[in-house]
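The values are calculated or read from the model by the stated rules, or taken from the named source; none is laboratory data. Given the structure is predicted, the values throughout are model-derived calculations rather than measurements. Positions of Cβ are generated from backbone atoms using ideal geometry, with glycine treated the same way; all protein chains shown enter the neighbour counts. Surface accessibility is based on the protein's heavy atoms, side chains included, excluding ligands, DNA and RNA. Shrake-Rupley method; radii C 1.70, N 1.55, O 1.52, S 1.80 Å.
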Amino acid sequence: MSPTPLAADGEFAEIIARYPRARSAVLPLLHLVQSRAGRIGPDEVAEVAAALDLTPAEVTGVVSFYTMYSERALGRHHIGVCTNTLCAMLGGDALFERLTDDLGVANKGTTGDGMFTVERIECQAACTHAPVVTIDWEFFDDMTPTKLAEVVAALRAGQQVTATRGGPIRGIRHTERVLAGFDDDPTPGSMADDRALAGVRVAQQRGMTAPVGPTPTTGVQR
Ligand code: FES
């Protein structure tokens, strides 16, 4: 069988070769096709299924389960507003309302110029910096409506925008390639800043340790 258009350049094969079983490559492969097509529609599902010897129904089940995959076309930038409990209480709901009003979109909507897709997202395990917004899945901490409007305006103007604890924002398609295991360019420093490590510091000061868990077993299981 000849390779499908998305699979033709060898990156499909490179991802599949990372795993002992081809079907284990489904998650990064879906990120790769989303980086190329901007969405995961029926054609992309069919190509991934063919490459992994899965049925389209099996691949569709993965796409519809994980919220980072989108069956609708994404804008150039994905803006996630955390409206889970802590962020919501500290302003996440207000951020979402203001942003969707300003951009004229509903949840998961994309602006008419294709620049932004806005989505309510669940807890990003960054509650120490609530309310948190992600742009192309990079963190923007302690966000306010005014700061968020400034970031959006800068992106729209083509200016460089840098995440609070990450690198420059390059668009959701770039992030999707990174999630597929390509083109990563780690920013020097640590995502875990002083505030995020406060609990570890207290535990160390008090001599607290975690219990040792069971030894993991190895082996490939279906
Ligand atoms: S509730 Fe928003 S990061 Fe945890």
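Distance in nm between label sites at T67 and A157, each 7 Å beyond Cα in the beta-carbon direction?
3.2
Would you work out what percent of the accessible area of segment 5-65, with all protein chains in place, is carbon or sulfur (probe 1.4 Å)?
Ligands and nucleic acids excluded, carbon and sulfur reach 57 percent.
Points 7 angstrom from Cα along the Cβ direction at A17 and T164: gap in nanometres?
It works out to 4.1 nm between the two label points.
If R₀ is 35 angstrom, what is the calculated FRET efficiency for the pair E150 and L86, using the beta carbon separation as r and rounding to 0.05?
Here the calculated transfer efficiency is 0.90.
So if I average 1/r over every pair of distinct C-alpha atoms in segment 1-155 and take the inverse, what Kirkwood radius in Å does that give?
Averaging 1/r across every pair of different Cα atoms and inverting gives 16.9 Å.
Summing -39500 (n - 2.57) over the DSSP H runs of n ≥ 4 in the chain and dividing by its residue number, what mean residue ellipticity at 222 nm do you reach, to the nearest 500 deg cm²/dmol?
-10000 deg cm²/dmol
I'd like to check one number: the per residue accessible area of segment 5-65, probe 1.4 Å, reported in Å² as a whole number.
It amounts to 46 Å² per residue over segment 5-65.
Pop out the carbon and sulfur fraction of the accessible area of segment 77-172 as a percent, whole number, probe 1.4 Å.
For segment 77-172, the apolar C and S fraction of the accessible surface comes to 51 percent.
For segment 5-65, what does the alpha-carbon gyration tensor say about shape, rounded, prolate or oblate, given a ≥ b ≥ c as the root eigenvalues, a/c under 1.5 as rounded, and a/b over b/c as prolate?
Taking the square roots of the gyration eigenvalues as a ≥ b ≥ c, segment 5-65 is oblate.
To the nearest 0.05, what FRET efficiency results for A203 and F182 with a Förster distance of 45 Å applied to their C-beta separation?
Efficiency computed from Cβ-Cβ geometry: 0.75.
For a quick protection proxy, order the peptides 193-205, 127-139 by their average other-Cβ count within 10 Å, most packed first.
The peptides rank, most packed first, as 127-139, 193-205.
Treating the beta-carbon of each Lys and Arg as +1 and of each Asp and Glu as -1, no other charges, what is the dipole magnitude of the chain about its Cα centre, to the nearest 20 debye?
460
Roughly speaking, what is the centre-to-centre gap between segment 127-166 and segment 38-98 when only Cα atoms are used, to the nearest Å?
Comparing the Cα centres of segment 127-166 and segment 38-98, I get a distance of 20 Å.
What's the Cα-based Rg to Rh of segment 151-212, Rh via Kirkwood?
With Rh from the inverse mean 1/r over Cα pairs, Rg/Rh is 1.17.
Could you provide, to the nearest whole Å², the per residue accessible area of segment 77-172 with probe 1.4 Å?
Ligands and nucleic acids excluded, the result is 43 Å² per residue.
By per-residue mean of other Cβ atoms within 10 Å, what is the highest-first order of 91-101, 13-23?
Most protected by this proxy first, the peptides run 91-101, 13-23.
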